[in-house]
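To start, the structure itself, in structure tokens.
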Amino acid sequence: MNDAKKLGIKDELKKFIINNYLLGAKNAKISDDDSFLEEGIIDSIGVIELTNHIQRTCGIKIHVAEIVPQNFDTLNNLEKYINRKLHSK
Amino acid sequence: MTDSLHGMIQRSAKRSPRAIALVEAGAPSRAFTYSEFGALVDAFARDLIKRGLRKAERVGILARNSIEWAAFYLAVSKAGGISVPLNYTLQVSDLAEEARDCGIAALYSDKSLSKKAHKLAGRVSSIRFVVNCAPEADSHKGVKFPKVKEGDPASIIYTAGTTRKPLGVVLTHKNLLSNSRAVSEYSGLSRRDRTCCVLPFYYIYGLSLLLSNLSAGASVIIDNRFMYPNLIADGIKRYRATGFAGVPSHYAILLYRTALRKKKLPDLRYFMQAGDAMPPRLILTLAKAFPRKKIYLMYGQTEAGPRISYLSPDKVRDKPDSVGSAIPGAKVRVVDESGDDCGLKRAGEILVASSGVMKGYWNNPVETKKAVKGGWLHTGDIAFRDGEGDLFIVGREKNFLKVAGRRISPLEIERIAEDDPSVLEAACVGAKDKLSGQKTKLFVSPVPGKKIDANRMMKACKEKLPPYMVPSKIVIMESLPKSSLGKINRKELESI
């Protein structure tokens, strides 16, 4: 979780999403409340890659039933969800 | 009687006005009856005429699946135009190439793609106006609609050519309607059906699903939430879907990443599979998980409108690697290089003749002549037939590789990888090689929770394949990259 620690969870995820799904475009922007679903930022495969990435970098186990918009659909939701998981470890 | 896409919807609206035509899954969900949907089609069509759309002008649709997408598509037909469903995941420069190729005169977009649509309109001088929202239901009453004949072009679908420049496939009203009705016939679609559609409508498979369900008076459940596959699995149950249609990666995700297998789905009647070769073991896993559901394995091509063949569901468990025989009303041949019919189990090119076969490629008589000869569409795909006349595809034209002067089908190599129970998906692509010009590289992803033994797989390849076909490298990935249609993105793999 080196990058996650250095940058903070949200910024690290933002970096991962921009590099992987917005092709690292220079002017790529993603706001903390942008819906990945509505904006078409991440597709079905992307969400699985993102899940694996979070599991690896944050050391948490994500159950498939938890991959829902309430937990995953914006950077803010993701940060809250990961923090909840980290605290309950 | 002259048949047209909008005529088909008018008939369904007249027959069962209160039946549900389309549902948008989500929170909140939306639903339109056939009567409401027909009124929306009319409103869009009147608006197009009022804005000055002329007969046979091309109209682009740059939007995600929605009730409005479907209504606007049929409205273009009613207004006498030719719709051009566009792949919204493409870059503006690629979209502009397609828009210029067929001279798009007007464009429809939804809110989330409005910026992209206006950028596109700014780059393509033929685009006169952009429609962003649905007009008032009773606006512009009294507008006169042009007469549309069944042989008139209804849609231009750009094929995602992997090695050549995109080509615009021109499909007439007759092409699309006859093909949709054949699908309805063999899958037994009726007014009682509700089909869950996760495929984009700009993709011919998604469009065919939309039209075949509407022509049968069935309901289409639009679910754009595949990013959260569990919501799709829940949605199938919640909306009491009677059918689900997908490409292989949809099934791999639903079976291995969601609780779909554990769900009791009493309303679900069938699964449809097309778009790419599905690993036989994945088909058998689906069949085992849902022993009482029908599975339709289908084969097609945009140029054929699109469906060419399907395997009868009662044969799926015995022949999961077959795509069956010709759909109702179509004729299929397998021919050798001199054009003679191949005997049993001898591989040759698949040709198809049906009322679904395209009028041609837009503005491209040279390519049209190469593809359609004497009423037969030359698919470029290679298959053989068994004693029951069922087709087994051994290679697809666009995927063939040339290695050491020999033409090889990656499918043969992929099937060996897929025999390994730890493999979920496999794709073999070409990689540049100084000696042989091109060598093969095999990419595989594991079934969740399993580990792939690359050495064991390489050994199996060496045992079963001639030396020139043995992959030079096996690369294990968590999951294989996919295109916006859910198909394995071979171009991306080539660049790795």
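Each row is one residue, and each column tells you yes or no for (1) touching a Ser or Thr at 6+ places or on another chain (Cβ under 7 Å); (2) open to solvent by less than 30 Å² (accessible area, probe 1.4 Å); (3) of a type outside the set (A, V, I, L, M); (4) away from chain A (no Cβ under 14 Å).
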position: B:ALA21; (1), (2), (3), (4): yes, yes, no, yes
position: B:PRO28; (1), (2), (3), (4): no, no, yes, no
position: B:LEU53; (1), (2), (3), (4): no, yes, no, yes
position: B:LEU62; (1), (2), (3), (4): yes, yes, no, no
position: B:VAL92; (1), (2), (3), (4): no, yes, no, no
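Listed here are the residues, each with its yes/no results for (1) in contact with a Gly (Cβ under 6 Å, 6 or more places away or on another chain); (2) surrounded by 16 or more Cβ atoms within 10 Å (Cβ to Cβ).
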site: B:SER83; (1), (2): no, yes
site: B:LYS116; (1), (2): no, yes
site: B:SER126; (1), (2): yes, no
site: B:VAL130; (1), (2): no, yes
site: B:PRO146; (1), (2): yes, no
site: B:ILE156; (1), (2): yes, yes
Test: residue in segment B:177-190 that is within 14 Å of chain A (Cβ to nearest Cβ), on the phi < 0 side of the Ramachandran plot, among the small types (Gly, Ala, Ser) and in contact with a Lys or Arg (Cβ under 9 Å, 6 or more places away or on another chain): no
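Residues are listed down the side, and each one gets a yes or a no for (1) open to solvent by less than 50 Å² (accessible area, probe 1.4 Å); (2) within 30 Å of the chain's Cα centre (by Cα):
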residue	(1), (2)
B:LYS441	yes, yes
B:SER445	yes, yes
B:LYS451	no, no
B:MET457	yes, no
B:GLU463	no, no
B:ILE488	yes, yes
B:SER495	no, yes
Out of B:GLU97, B:GLU36, sole residue that is open to solvent by 50 Å² or more (accessible area, probe 1.4 Å) and without any contact (Cβ under 8 Å) to a residue 40 or more places away in the chain: B:GLU36
Matching entry among B:GLY324, B:GLY339 (being outside the structural domain of B:PRO153 (by TED's automatic domain parsing) and open to solvent by 20 Å² or more (accessible area, probe 1.4 Å)): B:GLY339
Index of the failed condition, B:VAL332 passing every other in (1) under 30 Å from B:ARG261 (Cβ atoms); (2) crowded, with 22+ Cβ neighbours inside 10 Å: (1)
Condition check for A:LYS85: out of contact with any helix residue (DSSP H, G or I) (no Cβ under 6 Å at 6 or more places or on another chain), more than 14 Å from chain B (Cβ to nearest Cβ), part of a helix (DSSP H, G or I) and open to solvent by 20 Å² or more (accessible area, probe 1.4 Å): yes
B:TYR270 vs. criteria open to solvent by less than 10 Å² (accessible area, probe 1.4 Å), over 21 Å from B:LEU5 (Cβ atoms) and away from chain A (no Cβ under 14 Å): yes
Which numbered condition B:GLY449 misses (of (1) within 14 Å of chain A (Cβ to nearest Cβ); (2) of a type outside the set (Lys, Arg); (3) assigned to a helix (DSSP H, G or I)): (3)
Candidate set from segment B:225-243 (those that are assigned to a loop (DSSP other than H, G, I, E, B) and modelled with pLDDT of 95 or more); member that is surrounded by the fewest Cβ atoms within 10 Å (Cβ to Cβ): B:ARG240
Number of the condition not met by A:THR57 [criteria: (1) farther than 30 Å from B:LYS263 by Cα; (2) open to solvent by less than 20 Å² (accessible area, probe 1.4 Å)]: (2)
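The values are calculated or read from the model by the stated rules, or taken from the named source; none is laboratory data. For clarity, every value in this text was computed on a predicted model and none was experimentally measured. Ideal geometry is used to build each Cβ from the backbone, glycine not excepted, and the neighbour counts take in all protein chains shown. Remember, those area values only see protein heavy atoms, side chains included, never the ligands or the DNA or RNA. Shrake-Rupley method; radii C 1.70, N 1.55, O 1.52, S 1.80 Å.
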